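Heads up: the structure comes next, in structure tokens.
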Amino acid sequence: MLAKELIKDLIPPLKTSDTGLKALSWMEEFKVKHLPIVNKEDFLGLISEEDILSLNAPEEPIGNHTLSLIRPYVSEDQHIYEVIKLITKLNLSLVPVLSNREQYLGVIIIPDLMEAIAILTAVNNPGGIIVLELNVNDYSLAEIAQIVESDDAKILSSYVSPHPNSTKMEVTLKVNKVDLTRLLASFYRYEYNVKASYHESEFNGDMQDRFDSFMNYLNI
């Protein structure tokens, strides 16, 4: 999934002739803490809520002020993972997208990003979740997939979470089986450490908790 596929026209860019007060009004309306400033198709940078609140005369055009704007963006053909990386690194509420000719195309907002992540991780597909803990050197997705498929199941999505300052890692699997009994038995038989498992009725609340935690982390 590429950045250009996530662009929505909901949030218009600011012009240098727009005032700080107008920017604050739009931020409140669209529930974001940043807005892009664009001159025709040239992306000048992002202005934040803090930038505007620090202006001596927010009722004046933004272009009348000397601003040190940050200029983060992704190119239209960059993968969604790069969008996530930029948002979390800079604690952004949206990400501007530029064309390959560096022309402004629009922005990606977090609700649309979360919807795309849900599709990538098969959150809405029926099934169960298994969390394995293992040594980094023992990780083999091919072997894990073989165990899953030997029980007539399929991996819908997977991701790894390294433990800080440790040789351990977690592998989270979303599979297309609601009843995990046989599959868990297979992992135990192959001496995998099953840290947690969630059937459909159990993990819906857990996924909501993780979603809420992620949104709080992004400070939305």
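Values quoted throughout were computed directly from the atomic coordinates according to the rules given, and no laboratory measurement underlies them. Values in this document were obtained by computation on a predicted structure and should not be read as measured data. Counting neighbours? That spans all protein chains shown, and the Cβs are built from the backbone with ideal geometry, glycine included.
Data for the structure
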item	result
Percent antiparallel among DSSP beta bridges (both partners in segment 39-145, rounded to 5)	80 percent
Pairwise Cα inverse-distance average, inverted: Kirkwood Rh of segment 83-175 (Å)	15.9 Å
Cross-link reach list, aspartates and glutamates versus Lys154, counting only Cα pairs under 16 Å and skipping chain neighbours closer than eight places	Glu143, Asp179, Glu200
Helical contribution to [θ] at 222 nm, DSSP H n ≥ 4, -39,500 (n - 2.57), averaged over the chain, rounded to 500	-10000 deg cm²/dmol
At R0 = 41 Å, FRET efficiency that the Cβ-Cβ distance of Asn56 and Thr167 yields, to 0.05	0.15
Of Lys33/Lys168; Lys89/Lys177; Lys31/Lys195; Lys8/Lys33, pairs whose Cα-Cα distance is over 27 Å	Lys33/Lys168; Lys89/Lys177; Lys31/Lys195
Sum of side-chain charges, Tyr192 neighbourhood, beta-carbon under 11 Å (Lys, Arg +1; Asp, Glu -1)	-2
Local net charge near Thr167, Cβ-Cβ under 12 Å (Lys/Arg +1, Asp/Glu -1)	-1
Residues listed by number, segment 46-71, amide nitrogen under 15 Å from Lys15 label point at 7 Å toward C-beta	61-64
Which label in (1) 5; (2) 34; (3) 9 gives the computed percent of Cα pairs over 33 Å apart	(2)
Pairwise centroid distance, computed over Cα atoms, of segment 116-185 with segment 39-100, Å	37 Å
Fraction of beta bridges assigned by DSSP in the chain that are antiparallel (%, nearest 5)	90 percent
